[in-house]
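Throughout, read-outs are computed from the coordinates displayed, never taken from laboratory work. None of these values were measured; they are calculated from a predicted model. No Cβ is skipped: glycine too gets one built from the backbone with ideal geometry, and neighbour counts run over all protein chains shown.
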Amino acid sequence: MPVRVQADDFDITAEIAALRSKRTNVGAVASFIGVMRDFNDGSGVSELTLEHYPGMTEKALDQILDEARSRWSLIDALIVHRVGRMLPADQIVLVVTLSAHREAALAACGFVMDYLKTRAPFWKKERTPVGERWVDARTADDTAAERWHAGEGA
């Protein structure tokens, strides 16, 4: 199950094609693409800088994929997460899950994103019309991840 943290953009079609390559047992592909928007918390955002701790971040992402694999019958999965400076409409993250059936692919993709938002060590700084600000963790993200503990999303 591959994990990559990189500054460069990614090609969604190429990433999914590479993950599916020569696999005839895949019946479902689920994906999520996170994109930078030009607003957050009621104000405009002109730039986003994502920072991470190399080594620690990849390990955390690997652990999230390991947890997804233990919950669902996945054939493979992928996380590509960008770091560095991004502008509105830039792609930030790609999550792809492959399984024999849609239920596992869809659930695992949602789980990975929910856990990525709460457990992966990324720090976000936004540039707004009034200056720069660090983005705090969101209660809504914690609530989304918590549903997997309660068995709701499983």
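Annotation: peptides 76-85, 57-66, 14-23, ranked by per-residue average of other Cβ atoms within 10 Å with the highest first, follow the order 76-85, 57-66, 14-23. Tell me which lysines have Cα within less than 16 Å of residue 59's Cα, excluding those fewer than 8 residues away on the same chain? Answer for residue 59, where 16 Å is the Cα cut-off: 117, listed by chain and number. When shorter helices are ignored and each DSSP H run of at least 4 residues is given -39500 (n - 2.57), the per-residue value for the chain at 222 nm works out to -11000 deg cm²/dmol. Sorted on the mean count of surrounding Cβ atoms within 10 Å across their residues, most packed first, peptides 26-35, 39-48, 113-122 read 113-122, 26-35, 39-48. The value of relative contact order for the stretch 1-92, using C-alpha pairs under 8 Å at least six residues apart, is 54 percent.
Ignoring aspartates and glutamates fewer than eight residues from residue 125 along the same chain, the ones with Cα atoms less than 16 angstrom from its Cα are 38, 41, 47, 51, 90, 136. Each of 112, 55, 101 was placed along the dipole of the chain (beta-carbon charges, centred on the mean Cα), and the one lying farthest toward the positive end is 101. Computed about the Cα centre, the dipole magnitude for the stretch 16-154 is approximately 440 debye when only Lys and Arg (+1) and Asp and Glu (-1) carry charge, each at its Cβ.
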